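Working notes for the structure below.
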Amino acid sequence: MSTLDFSQILPAMPGLVEGMTLTLELLVGGVLGGIVLGTLLAIARLSDSRVLSGLARFYVNYFRSIPLLLVISWFYLVVPMLLSWITGSMTPVGAFTSCIVAFVMFEAAYFSEIVRAGIQSIPKGQINAAYALGMTYSQAMRYVILPLAFRKMTPLLLQQSIILFQDTSLVYAVGLMDFLNTARSKGDVVGLPHEFLLFAAAVYFVISFGASRAVKRLHSRWAV
Amino acid sequence: MNYHWNWGVFFKSTGVGSEIYLNWFVSGLGWTLAIALTGWAIALLLGSVLGVMRTLEEGWLARIAAVYVAVFRNIPLLVQLFFWYFMVPDLLPTPLETWFKQDLSPGASAFVSVVICLGLFTAARVAEQVRTGIEALPRGQVNAGLAIGLTRVQLYRHVLLPQAFRIVIPPLTSEFLNIIKNSSVASLIGLMDLLAQTKQTAEYTANIFEVFTLATLIYFVINMGFMKLMNRVENSVRIPGMMGGSGK
């Protein structure tokens, strides 16, 4: 290999930006859906119902013991099939939808552990005080416990989101054109795969490193 | 749409000799474990060295380790894999390059790449755990060690590391489980690991649910089994009088 030639990156920018947009869409979808589902799982896990907490526990253990890549590959095949059973007709679902579903389901297991720890870190007096005011369980959760807990766990949720940001690159397995995959194919087209790979690595590094630095600062600023 | 459930699919012949699909899973599991264990050996060794480096007073050694950890933790695993598999062979001196590209079988060169990749990737995580373990020890341990005349090497070897490694058994366990899960990226560069064999079986038989259920079950059993095993180990090596373990 001779010297590196980064001159072709600038002309490829529009495509790379499009790839990054897809990466960020996957990230946002996975994080938002994952937090919602994860919160529900955490509440189920902490509930008095043995069945509910058992189910939630099984869900979390299950998804935490299998590789994300397995979930992505599986859902890529299964989600279209399930949808066609439900709707009764062949609805074409793209790789994008199945990947979002995979991320939401998978990340929910990790988010739920964070949320659970956050809820458990709230002093019992808070919920007793809420009950004393005449709130129901769901009101106490919604207006007292969860707002307190979320403030505590935001740094951890963000840290987990940075991990997901890196993991979105696994959609390569189903051929989605995210940032990494776009960089690879652009690099192959102009015959400069190494330069494009290094560029992609640098972009991922700058974003992840910068974001985790910011999260650390937030963490110390928000520390109670 | 009709789906033909068939849980006996694993015992069907693959059409190659007397092979059944279950054989594919067994060989895939073998590759997965081989990748994970070899990668883990690298990660544990290098990660321990880096973790110790981060606790040293020599600023430049600590900084090198810090840079290593930052780089390997902030670049996606798949990017690192492409780096080791597609780019590094081109950078090797010519005799090594021809050996890697032509003399090694495709499976062997992919195996070498993925093991190096996972080993170095996981080393950064192990380093952080080892550092945390060492830093969690009371300052008095260092002082006492130095006071009885131990050299710094002796201090680490006989006082700090034996305690630190016990403290970090739980996080290291989950890093080991992570390397097993992460080894599935090998399927993306053509190695026939557990995930690749699962996908192949799914394609051949069209019994997607059964095939992926078995794969999930295998990963699940490995994880749970190993976690139980390490709980035992943790309890048996616990230092009496220290916190941790079963919530006592």
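Data overview
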quantity: Matching residues, the range B:180-219, being touching a residue at least 24 places away in the same chain (Cβ under 8 Å), assigned to a helix (DSSP H, G or I) and among the polar types (S, T, N, Q); calculated: B:Asn182, B:Ser183, B:Ser184, B:Gln197, B:Thr198, B:Gln200, B:Thr201, B:Thr205
quantity: Near pairs, Cβ below 8 angstrom, 6+ apart or cross-chain, from the range A:122-138 (under 17 Å from A:Ser47 (Cβ atoms)) to any residue that is aromatic (Phe, Trp, Tyr); calculated: A:Ala130/A:Tyr143; A:Met135/A:Tyr143
quantity: Number of the condition not met by A:Ser185 [criteria: (1) free of Cβ contacts under 8 Å to residues at least 40 places away in the same chain; (2) among the polar types (S, T, N, Q); (3) more than 14 Å from chain B (Cβ to nearest Cβ)]; calculated: (3)
quantity: Verdict on A:Leu218 being in a helix (DSSP H, G or I), more than 9 Å from chain B (Cβ to nearest Cβ) and more than 28 Å from A:Val93 (Cα to Cα); calculated: yes
quantity: Within the range B:216-237, considering residues that are more than 15 Å from B:Leu29 (Cβ to Cβ) and at the interface with chain A (Cβ under 9 Å from one of its Cβ atoms), the one farthest from the chain's Cα centre (by Cα); calculated: B:Met224
quantity: Residue among A:Val190, A:Val144, A:Val215 that alone is touching a Pro at 6+ places or on another chain (Cβ under 8 Å) and surrounded by fewer than 19 Cβ atoms within 10 Å (Cβ to Cβ); calculated: A:Val215
quantity: Subset of the range A:161-179 [in contact with a Phe, Trp or Tyr (Cβ under 7 Å, 6 or more places away or on another chain) and either away from every other protein chain (no Cβ under 14 Å) or at pLDDT below 95 (or both)]; calculated: A:Val174, A:Leu176
quantity: Residue in the range B:83-95 that is under 27 Å from A:Ser185 (Cα atoms), under 23 Å from the mean Cα position of the chain (by Cα), of a type in the set (Ser, Thr, Tyr) and within 14 Å of chain A (Cβ to nearest Cβ) present; calculated: yes
quantity: Residue among A:Val93, A:Val115, A:Val144, A:Val79 that alone is touching a residue at least 40 places away in the same chain (Cβ under 8 Å) and farther than 30 Å from A:Glu195 by Cα; calculated: A:Val115
quantity: Residue in the range B:120-129 that is without any contact (Cβ under 8 Å) to a residue 40 or more places away in the chain and either in a loop (DSSP other than H, G, I, E, B) or within 29 Å of B:Ile180 (Cβ to Cβ) (or both) present; calculated: no
quantity: Members of the range A:183-208 found to be of a type in the set (Ser, Thr, Tyr) and at pLDDT below 95, listed by number; calculated: A:Ser185
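The values are calculated or read from the model by the stated rules, or taken from the named source; none is laboratory data. Fair warning: this is a prediction, and the values are worked out from it, not measured in the lab. Glycine also receives a Cβ, built like all others from the backbone with ideal geometry; neighbour counts cover every protein chain displayed.
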